[in-house]
1. From the list 199, 150, 204, 169, pick out the single residue that is farther than 24 Å from residue 24 by Cβ, of a type outside the set (Lys, Arg) and in contact with a Lys or Arg (Cβ under 6 Å, 6 or more places away or on another chain).
2. Which of the residues that make up region 179-189 are outside any strand (DSSP E or B) and of a type outside the set (Gly, Ala, Ser)?
3. Sort out for me the helices (runs of 4 or more DSSP H) sitting completely within region 85-178 that have 1 or more residues that are among the charged types (D, E, K, R).
4. Can residue 84 be described as under 15 Å from residue 185 (Cβ atoms), within 10 Å of the chain's Cα centre (by Cα) and either among the small types (Gly, Ala, Ser) or surrounded by fewer than 23 Cβ atoms within 10 Å (Cβ to Cβ) (or both)?
5. For the structure I just gave you, tell me whether residue 146 is among the aliphatic types (A, V, I, L, M), crowded, with 22+ Cβ neighbours inside 10 Å and in contact (Cβ under 8 Å) with a residue 24 or more places away in the chain.
6. Every residue in region 175-202 that is over 28 Å from residue 122 (Cβ atoms) and either touching a helix residue (DSSP H, G or I) at 6+ places or on another chain (Cβ under 8 Å) or buried (at least 17 other Cβ atoms within 10 Å of the Cβ) (or both), please.
7. Quick one: count up the residues across region 115-143 that are farther than 27 Å from residue 207 by Cα, surrounded by fewer than 23 Cβ atoms within 10 Å (Cβ to Cβ) and not charged (D, E, K, R).
Amino acid sequence: MTFADLFERAAALAGDLDEADVRRALDDVRSGSAPDDGAATASDASADGDEAVTDPLDPSPARVVADADALAADLLVGGAARDALDALRSHAWTTLVASDPLLDDAEAAIASLSDPDLAADWRAAVEAWREPVAQPPGDHPALASAYRGGAMQIVSLDPSLTGPGAAAGLRDRLPVSVREPRAFATVFDPAKLYPEAVGGEYPGPDRDPRTMAAVGADGDQHG
């Protein structure tokens with residue numbers, strides 16, 4: 001199952017959704033008021049335990065967290081969220097960092113807006129792409145993923161994270177920038193980032209953003 005396949009199925013199932021719909025669905029999930037559709041949430045037993053949490057990794061601008069709303073919007077809405085994540089999918093030297101609770105939240109929001117089967121297939125594709133990181137129970141999944149996983153950038157639709165006051169407060173505690181998808185897609189410049197993150201001259205995109213992280217029925221990653 002490729003991302004192109006998932007996007008096609010989402011377009012048929014989800015209808016005319018926008019970013020506001022995704023934000024409301026995620027708010028419902030994180031407040032515990034989402035309907036029980038079989039998808040996991042961060043409050044379930046699947047949340048990482050304290051024993052699994054390791055020391056934070058060294059920060060890198062090539063390591064990025066997409067909050068659950070940005071991940072869901074990438075699948076269900078497209079637009080700026082898809083542009084932002086396509087920029088990451090196009091470059092194998094960038095890393096999507098995500099804890100299990102973050103993916104739990106995104107999967108639950110997707111299931112509530114579309115279909116649990118689509119949400120489960122999306123989860124399999126994203127798990128083949130992301131680098132997992134453990135977080136303490138109760139922490140904000142995006143912030144905890146960034147802190148523990150050494151990500152210096154967060155893509156989010158949450159105004160409580162993207163507002164000027166929040167940004168200033170976060171910079172006092174974490175070396176991280178939080179941007180809405182449209183802003184991230186505008187400022188993310190792989191040609192400028194590559195010499196620092198990898199070294200040498202930027203060779204251009206090195207993979208197809210719609211076919212990478214394809215997962216077959218055998219569970220193996222292809223392409």
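Computed from the coordinates by the stated procedures, all read-outs in this text should not be read as laboratory data. Source: prediction; values computed, not measured. Every residue, glycine among them, receives a Cβ derived from its backbone with ideal geometry; neighbour counts consider all protein chains shown.
1. 150
2. 180, 181, 182, 184, 186, 187, 188, 189
3. Ranges flagged: 100-113, 116-129, 141-149, 164-173.
4. Considered against the rule, which asks whether it is under 15 Å from residue 185 (Cβ atoms), within 10 Å of the chain's Cα centre (by Cα) and either among the small types (Gly, Ala, Ser) or surrounded by fewer than 23 Cβ atoms within 10 Å (Cβ to Cβ) (or both), residue 84 comes out as no.
5. yes
6. The answer is 194, 200, 201, 202.
7. 7
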